[in-house]
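Remarks on the structure that follows.
The values are calculated or read from the model by the stated rules, or taken from the named source; none is laboratory data. Nothing here was measured: the structure is a model prediction, and the numbers come from that model. Using ideal geometry, Cβ is built from the backbone for each residue, glycine included, and neighbour counts are taken over all protein chains shown. For accessibility, only protein heavy atoms count, side chains too; no ligands or nucleic acids. Shrake-Rupley method; radii C 1.70, N 1.55, O 1.52, S 1.80 Å.
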Amino acid sequence: MKKFLSLLLTAIMLLSCACVASADVADFDADLIAAAQAEGELIVYGSCEEAYLAAACKQFEAEFGIKVSYQRLSTGEVQAKIMEENGNPSADVWFGGTTDPYNMVAAAGLLQAYEAKNAAHITKANFKDADNYWFGIYKGILGFMVNTEELADLKVEVPQDWDDLLKPEYKGLIWVSNPNTAGTAKLVINTMVQMKGHDEAMKYFVELDKNVAQYTKSGSGPSKKVGIGECVIGIGFLHDGITQILKGYDNIQLVIPASGTSYEVGATAIFKGAKHENAAKLWVEYALSPDCVNLAKENESYQFLVLDNAEQPAVAYEMGLDPDNVIDYDFEDAKANTDQYIIDYFDALGAAADGRFKTE
């Protein structure tokens, strides 16, 4: 009798699991799946990290039987490519990367609006475009990653705030990304403009430039060089620092600037003129589901998720990050003015904008 009850309990549990799985599948419209499968292919440009991009594409292919090709490009590279292609895109969807470049591409009329069913799980209105051109999937906190061993050898203290980075003892120690290629750098510019005002922000960047050794192509570029000591202070997203710490670099300290910092909303979107439109729509639904976003923390991506049915990365909280400890970032100002702020930034730096700005 006990054996029978045990078997019955196991069967009930399996049936329960099957019902949960069926509920998850039900989030994807059967007609859309069929239309996407008839197209049979999807091309993705990804601006999140390679491990997460690869895992998300592999799972989509396995789940829906649609062949997926992908390429990892920084947000600035995707923006430039799509602008050049002008309505005849070489990919169908964009996945990951901060939304300032998404807004710039949307303003050029090169993203396709779509009313995604799973957007109902997005937790705040500003985590998606008001006109449905892009949808947020994660939130990353901007800050510093520092090599504590190198700073100790130099007898230099860990910087605690944005203005600390201007101190002469940090000359040649700082890396940040290139705003021509990286959405992270665009966010840094917008953050300083919003925290300091336009003119003071431009003065700040002129002074900061005196201490910058390199402007990397990718926003995550500085984080990958901190642990080995090639970069001593990297400005970027702190979840990228977590990735390096978990790879074994225990000499990295994460710093949340004391006077405040901002955040990215990593997004997904459909390119206007996508050759595989139904597969692209299905991708957006998938990207806004636990099937996709819960892969992040298993694949070197520890951003906070902006969906109410997702599993947050516990390690981000354990390392002191707080998704709510950020400024009230003005997305509308960024949407309207990022192009001009970048022009102003390079005008302010003038001749200083030399070979340190990497594009490869």
Restricting the search to the stretch 81-100, which residues are within 15 Å of residue 182 (Cα to Cα) and free of Cβ contacts under 8 Å to residues at least 40 places away in the same chain?
81
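Answer with yes or no whether residue 223 is touching a strand residue (DSSP E or B) at 6+ places or on another chain (Cβ under 7 Å), open to solvent by 10 Å² or more (accessible area, probe 1.4 Å) and closer than 23 Å to residue 101 by Cβ.
Details: touching a strand residue (DSSP E or B) at 6+ places or on another chain (Cβ under 7 Å): yes; open to solvent by 10 Å² or more (accessible area, probe 1.4 Å): no; closer than 23 Å to residue 101 by Cβ: yes.
Spelling it out, it is not the case that residue 223 is touching a strand residue (DSSP E or B) at 6+ places or on another chain (Cβ under 7 Å), open to solvent by 10 Å² or more (accessible area, probe 1.4 Å) and closer than 23 Å to residue 101 by Cβ.
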Among (1) more than 30 Å from residue 247 (Cβ to Cβ); (2) open to solvent by 30 Å² or more (accessible area, probe 1.4 Å), there is one condition residue 314 misses while meeting the rest; what is its number?
(1)
Those residues that are part of a strand (DSSP E or B) and closer than 24 Å to residue 178 by Cβ, I need them from the stretch 101-120; list them, please.
111
Between 270, 245, 235, which is modelled with pLDDT of 95 or more, more than 26 Å from residue 103 (Cα to Cα) and not basic (Lys, Arg)?
245
Every residue in the stretch 46-69 that is open to solvent by 40 Å² or more (accessible area, probe 1.4 Å) and either acidic (Asp, Glu) or in contact with a Leu (Cβ under 6 Å, 6 or more places away or on another chain) (or both), please.
50, 61, 63
By residue number, the members of the stretch 296-337 that are in contact with an Asp or Glu (Cβ under 8 Å, 6 or more places away or on another chain) and hydroxyl-bearing (Ser, Thr, Tyr) are 301
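Taking the conditions exactly as written (under 22 Å from residue 330 (Cα atoms), assigned to a loop (DSSP other than H, G, I, E, B) and touching an Asp or Glu at 6+ places or on another chain (Cβ under 7 Å)), does residue 257 satisfy them or not? Let's see the steps before the verdict.
On the way: under 22 Å from residue 330 (Cα atoms): yes; assigned to a loop (DSSP other than H, G, I, E, B): yes; touching an Asp or Glu at 6+ places or on another chain (Cβ under 7 Å): yes.
Considered against the rule, which asks whether it is under 22 Å from residue 330 (Cα atoms), assigned to a loop (DSSP other than H, G, I, E, B) and touching an Asp or Glu at 6+ places or on another chain (Cβ under 7 Å), residue 257 comes out as yes.
If you go through the stretch 287-297, how many residues are crowded, with 24+ Cβ neighbours inside 10 Å and either more than 26 Å from residue 247 (Cβ to Cβ) or not β-branched (Val, Ile, Thr) (or both)? Break it down stepwise before answering.
The first filter runs over the stretch 287-297 and keeps only residues crowded, with 24+ Cβ neighbours inside 10 Å, leaving 287-288, 292-293, 296.
Remaining after also requiring either more than 26 Å from residue 247 (Cβ to Cβ) or not β-branched (Val, Ile, Thr) (or both): 287-288, 292, 296.
The number of residues fulfilling the criteria is 4.
Here is a list: 190, 147. Which entry is open to solvent by less than 10 Å² (accessible area, probe 1.4 Å) and more than 23 Å from residue 74 (Cα to Cα)?
Details: 190 fails: more than 23 Å from residue 74 (Cα to Cα).
Exactly one residue qualifies, and that residue is 147.
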Kindly establish whether residue 132 is over 25 Å from residue 55 (Cα atoms), at pLDDT 95 or above and buried (at least 23 other Cβ atoms within 10 Å of the Cβ).
no
Which residue pairs have Cβ atoms closer than 6 Å, lie 6 or more positions apart in sequence or on different chains, and pair a first residue in the stretch 175-191 that is more than 16 Å from residue 145 (Cβ to Cβ) and modelled with pLDDT under 95 with a second residue that is part of a strand (DSSP E or B) and polar (S, T, N, Q)?
183/98
Scan the stretch 102-122 and report the pairs whose first residue is farther than 22 Å from residue 338 by Cβ and whose second residue is open to solvent by less than 20 Å² (accessible area, probe 1.4 Å) and among the polar types (S, T, N, Q), with Cβ atoms within less than 9 Å and a gap of 6+ or a chain change.
118/289; 121/289
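Do we find that residue 153 is open to solvent by 20 Å² or more (accessible area, probe 1.4 Å) and either under 18 Å from residue 349 (Cα atoms) or within 24 Å of the chain's Cα centre (by Cα) (or both) in this structure? Spell out how you get there, then give the answer.
Details: open to solvent by 20 Å² or more (accessible area, probe 1.4 Å): yes; either under 18 Å from residue 349 (Cα atoms) or within 24 Å of the chain's Cα centre (by Cα) (or both): no.
For residue 153, the condition - open to solvent by 20 Å² or more (accessible area, probe 1.4 Å) and either under 18 Å from residue 349 (Cα atoms) or within 24 Å of the chain's Cα centre (by Cα) (or both) - is not met.
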With the checklist (1) under 25 Å from the mean Cα position of the chain (by Cα); (2) over 19 Å from residue 254 (Cα atoms) in hand, flag the one item residue 144 doesn't pass.
(2)
Which listed residue, of 109, 76, 87, is open to solvent by less than 50 Å² (accessible area, probe 1.4 Å) and touching a helix residue (DSSP H, G or I) at 6+ places or on another chain (Cβ under 7 Å):
76
Take residues that are at pLDDT 95 or above, closer than 24 Å to residue 249 by Cα and out of contact with any Phe, Trp or Tyr (no Cβ under 7 Å at 6 or more places or on another chain) and tell me which of the helices (runs of 4 or more DSSP H) falling wholly in the stretch 280-360 contain 1 or more.
314-318
How do the pairs read when you match residues in the stretch 330-346 that are closer than 11 Å to residue 101 by Cβ with residues anywhere that are open to solvent by less than 70 Å² (accessible area, probe 1.4 Å) and among the charged types (D, E, K, R), using Cβ under 7 Å and keeping only pairs 6 or more apart or on different chains?
334/100; 338/100; 338/186; 342/186
